[in-house]
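Here's the structure, in C-alpha cells; my notes come after.
What follows draws every value from the coordinates through simple rules; no lab data is involved. These numbers come from a predicted model, not from an experiment. Here Cβ is always computed from backbone atoms with ideal geometry, including for glycine, and neighbour counts include all displayed protein chains.
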Amino acid sequence: MTNSSLTAQEAVLQELRSALAAGTLTPGQQLIQEDLAEELGVSRVPIRESLKILEGEGHVTYHPNRGYFVTELSATDLSELYRIREILEAEALTRAVTEVSDADLKDIREILTKVNAAAAAGDIDELSRTNRQFHLSIIELSGMNRLCRLIRQLWDASDIYRTVYFREESNRERILSEHEEIFRALEARDAAALIRAQNQHREQAVQVLNTVIS
C-alpha cells in the first residue's frame, strides 16, 4: 500500500475491494486476518475494521469460531438485490430526467467513454469503478439523497456479482450497447425509455449470472 493520503483502514479497505473485484479473493475463500495483515504490511486492527465494513455490505460473511469468508454467490440473493434496485431506481430515474442538464449529459458522456475504454482493455477493476460512476451519476441527478444512499448500499452489496459478470469478454462487449441505449434515453429526457433500458440491462446481467451461479 503506497497511498499516503489514506488512513491505514481506508487503504486496507481499498486493497480488499480491488482483490474482490479482480477475483483474487474468491467466493468461499477464508480470510485469515494475520495473513492479510502480513501481506498488506499493517496491524490486525485495520484488517478487522475493513472486514466488518465488507461484512455489512455483504461481501464477506463471519462464522463464529471460524472467522471471515468471502461470501458465496447466491441466485436468491442476486434476485432480491436486483429486484429492490429495480423498484428504487425507477423512482430515481423518473426524477432524473426532469433534472438533467446539457452539462450533466456532457459529464456522463465522458464517464461513459472511460467505461468503454476499461471494457475494451479488460481492466475489471477500472470497469467496475467507472460503470458504477456512470449509473450512480444518473441516479444522483434525482437529488433524492436518502434514496440515492439506499441505492448505493445495494450497489455495494452486489459488487461481487458484477465482478463475475465483467470477467467474460462477451458481457463486457454487451454492456457497451446497453449503456448507449440508457444514455440516449436520458438525453431524450424519456423516463419510460430510460427505465426500460435500465431494466433490460439489469435483467440481462441476472440471466447470465444465474447460469454461472446455478
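A few remarks follow.
- Dividing the convex hull volume of the alpha carbon atoms of the chain by its residue count gives 129 Å³ per residue.
- Stretched out straight at 0.36 nm per residue, the stretch from Asn199 to Ser137 would grow longer than its current Cα-Cα span by 20.6 nm.
- Inter-label distance, Glu49 to Glu180: 4.5 nm, where each label sits 7 Å from its Cα along the C-beta direction.
- Estimated inter-spin distance, Glu80 and Asn210, nm [label 7 Å along Cα→Cβ]: 1.7
- Relative frequency of Cα-Cα separations exceeding 19 Å in the stretch 41-92, percent: 45
- Calculated FRET value between Gln153 and Glu110, using beta carbons and R₀ = 30 Å, to 0.05: 0.70
- Dimensionless Rg ratio for the stretch 61-151, taking C-alpha atoms and the 2.2 N^0.38 Å reference: 1.36
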